[in-house]
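Below is one structure, written out as structure tokens; comments come after it.
The values are calculated or read from the model by the stated rules, or taken from the named source; none is laboratory data. If you're wondering where the values come from, they're calculated on a predicted model, not measured in any experiment. So basically every Cβ, Gly included, is an ideal-geometry build from the backbone, and we count neighbours across all protein chains shown.
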Amino acid sequence: MQSLDNPWTTVSTASIYDNPWISVREDQVLKPTGTPGIYGVVSFKNKAIGIVPVDQEGYTYLVGQFRYTLNEYSWEIPEGGGPLNESPIATAARELKEETGFTAARWHDLGRIHTSNSVTDEEGFLFLAMDLQSGDSEPEDTEVLQVKRLLLSEAVQWVMEGKITDSLSIAGILKASIFLKK
């Protein structure tokens, strides 16, 4: 059995870029083979939070928006960034309200994920929100959102057909479906 110890050696690190949301650093490293190399790391200044809201009839709610980085429209679960000093569940409740108008009386923790662990240290937290109460949404000024209601089983099908490509959404929808056995 192989050792679980870190086989990489960091020789030096330099900050390359920094803004309010991310920082990028370049590390001079010794690879596991002992040869020199570089490694770029994107660090996020927020936690990624995703929520799968499911109503009493088995419907979920996706949020559609144009994603600047992809230059395409994307259907996703309600999600957003949570300050590092805020609990993930507090962020989840806020994001659900902001993007859909819903509040939830019951929450289930669906777990923690890493969104792209080869280049970023971003942590994601997923939640199932149930016993939904509707209200007014409060989107941020960067969001022009559409909310779509569909059966959770249909959302799973969208994942399998590639209509949903966002990593938080894929993991959240599949985990919620397994948890609820739908």
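Before moving on, here are some points about what is shown:
- Selection within segment 1-13: residues that are assigned to a strand (DSSP E or B) and hydroxyl-bearing (S, T, Y). The member of this set that is surrounded by the fewest Cβ atoms within 10 Å (Cβ to Cβ) is S12.
- Residue within segment 65-74 that is assigned to a loop (DSSP other than H, G, I, E, B), free of Cβ contacts under 8 Å to residues at least 40 places away in the same chain and either of a type in the set (A, V, I, L, M) or in contact with a helix residue (DSSP H, G or I) (Cβ under 9 Å, 6 or more places away or on another chain) (or both) present: yes
- Test set (1) at pLDDT 95 or above; (2) closer than 14 Å to R94 by Cα; (3) of a type in the set (S, T, Y) - S137 fails condition number: (1)
- Contact map, segment 14-36: first residue more than 27 Å from S3 (Cα to Cα), second residue among the aromatic types (F, W, Y), Cβ cut-off under 8 Å, separation 6 or more or different chains; pairs are W21/F44; I22/F44; S23/Y17; V24/Y17.
- Of note, S43 satisfies the criterion of being in contact with a Ser or Thr (Cβ under 7 Å, 6 or more places away or on another chain), surrounded by fewer than 21 Cβ atoms within 10 Å (Cβ to Cβ) and of a type in the set (S, T, Y).
- The selection criterion, being under 15 Å from the mean Cα position of the chain (by Cα), surrounded by 13 or more Cβ atoms within 10 Å (Cβ to Cβ) and more than 20 Å from D136 (Cβ to Cβ), holds for A48.
- Checking each residue in segment 14-30 for being surrounded by 13 or more Cβ atoms within 10 Å (Cβ to Cβ) and under 20 Å from S116 (Cβ atoms) picks out I22, S23, V24, R25, E26, D27, V29.
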